[in-house]
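Bear in mind these aren't lab numbers, they're just calculated from the coordinates by the rules spelled out. Predicted, not measured: the structure shown is a model, and the values here were computed from it. Neighbour counts run over all protein chains shown; Cβ positions are idealised from the backbone, glycine included.
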Amino acid sequence: MAFSLLGHAFPFGRLLERQFALLIQAAGELQTLLADPATAGAAAGRVRDLEQTARLTFRAIGRELGLTRLLPLERSDLHALSLALEETTRALVAVAARAGLYGFTAPRPAASSLAGSLTEMLELAALMLAKLRRGEPILAEVAAVERLTEESDSLLLVALGELYEEEAEATNPLPLLRWSHLLDRLETALDGAGRIAGILESLVIKHA
């Protein structure tokens, strides 16, 4: 096994899988929200509820880290992974909250596509964790996350460029500015997903 602390003898693997499940569920809610902004209010509330539940799991991992005899590097790695999951969940809450607050009346395809990529990246990272727990290689998932990251970066640049062009000609640029703010927050969530995958990849290198 690449990292024995993710095995069944310790609670960390199970708790991290719980964090992943909640985060992926929140990402799915966000994807639905951005595809149909009319659902923003209710979906934002569900994302917030999922984040609050995920926070309890994050705290449970923190308690277990304090109770289990670990090497400093092991404790640091597990904390970094759990913290990255927590921060990415909070980033999703920020996106959903803004969507609910701004009252968008129509979707933007780029935002929906980026939310889909985010969900896919998180699902791949969750698969990486499951494979690490079984001692299986994760090279295919690492490559897939890297591809999605590059595609998302390109799509985000195009989406922001289109917003700036529309803003220059718009009589009321406020909705476009709000979409720009939302995309910025969505970028933070995407960066978080990439960071999660990067931490999982580093576990293979450090603890093989």
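With a simple spin-label model that places each label point 7 Å from the Cα along the Cα-to-Cβ direction, the separation between Asp36 and Asp191 comes to 3.3 nm.
Taking the dipole about the Cα centre of the chain, with the C-beta of Lys and Arg at +1 and of Asp and Glu at -1, give me whichever of Gln25, Ala189, Leu70 is farthest to the positive side. The residue sitting most towards the positive pole is Leu70. Build a GNM of the chain with springs between Cα atoms under 10 Å: which of Arg147, Arg69, Arg55 gets the top mean-square fluctuation? Judging by the Gaussian network model, the answer is Arg69. Test of understanding: in a Gaussian network model of the chain with alpha carbons linked when under 10 Å, which of Ala111, Ala130, Ala42 would top the mean-square fluctuation ranking? So, out of Ala111, Ala130, Ala42, the one fluctuating most is Ala42. Could you tell me which of rounded, prolate or oblate describes the stretch 1-158, using a ≥ b ≥ c as the square roots of the eigenvalues of the alpha-carbon gyration tensor, with rounded for a/c under 1.5 and, failing that, prolate when a/b is larger than b/c and oblate otherwise? It comes out oblate by the Cα gyration axes.
Calculated FRET efficiency, Val158 to Thr68, Cβ-Cβ distance, R0 = 35 Å: about 0.15 to the nearest 0.05. Entry note, the chain: the mean residue ellipticity at 222 nm calculated from DSSP H runs of n ≥ 4, each adding -39500 (n - 2.57), is -30000 deg cm²/dmol after division by the residues and rounding to the nearest 500. Extension gain for the segment Ala21 to His79, taken as residue separation times 0.36 nm less the Cα-Cα distance, is 19.1 nm to one decimal. Highest-first packing order for the peptide set 11-17, 158-164 is 11-17, 158-164, based on the mean count of other beta carbon atoms within 10 Å. Using the Karplus relation 6.51 cos²θ - 1.76 cosθ + 1.60 with θ = phi - 60°, the per-residue 3J(HN,Hα) values for the stretch 123-139 come to 5, 5, 5, 4, 5, 4, 4, 4, 5, 4, 5, 9, x, 9, x, 10, 4 Hz, with x marking Gly and Pro. For the chain, modelled as a GNM with alpha-carbon contacts under 10 angstrom, which of Leu118, Leu148, Leu67 fluctuates the most? Among Leu118, Leu148, Leu67, the largest GNM mean-square fluctuation belongs to Leu67. Per-residue extension of 0.36 nm, minus the Cα-Cα distance of Glu165 and Ala106, leaves a gain of 19.4 nm for this segment.
Label sites at Asp184 and Glu151, each approximated as a point 7 angstrom past Cα along Cα to Cβ, lie 2.7 nm apart. Computing FRET efficiency as 1/(1 + (r/R0)^6) for Ala140 and Leu177, where r is the C-beta to C-beta distance and R0 is 45 Å, gives about 0.65.
Taking other C-beta atoms within 10 Å as the exposure proxy, Ile196, Ile205, Ile61 rank Ile205, Ile61, Ile196 from fewest upward. Put a plus charge on the Cβ of each Lys and Arg, a minus charge on the Cβ of each Asp and Glu, and nothing anywhere else: the dipole of the stretch 4-207 about its Cα centre is then about 1180 debye.
Taking the C-alpha atoms only, the angle from helix 40-67 to the longest principal axis of the chain is near 20 degrees.
Based on Cα contacts under 8 Å between residues 6+ apart, the chain shows a relative contact order of 32 percent.
For the stretch 134-208 versus the stretch 30-54, the spacing of their alpha-carbon centroids is 19 Å.
Estimated at 0.36 nm per residue, the fully extended path between Phe10 and Asp49 surpasses their Cα-Cα distance by 11.3 nm.
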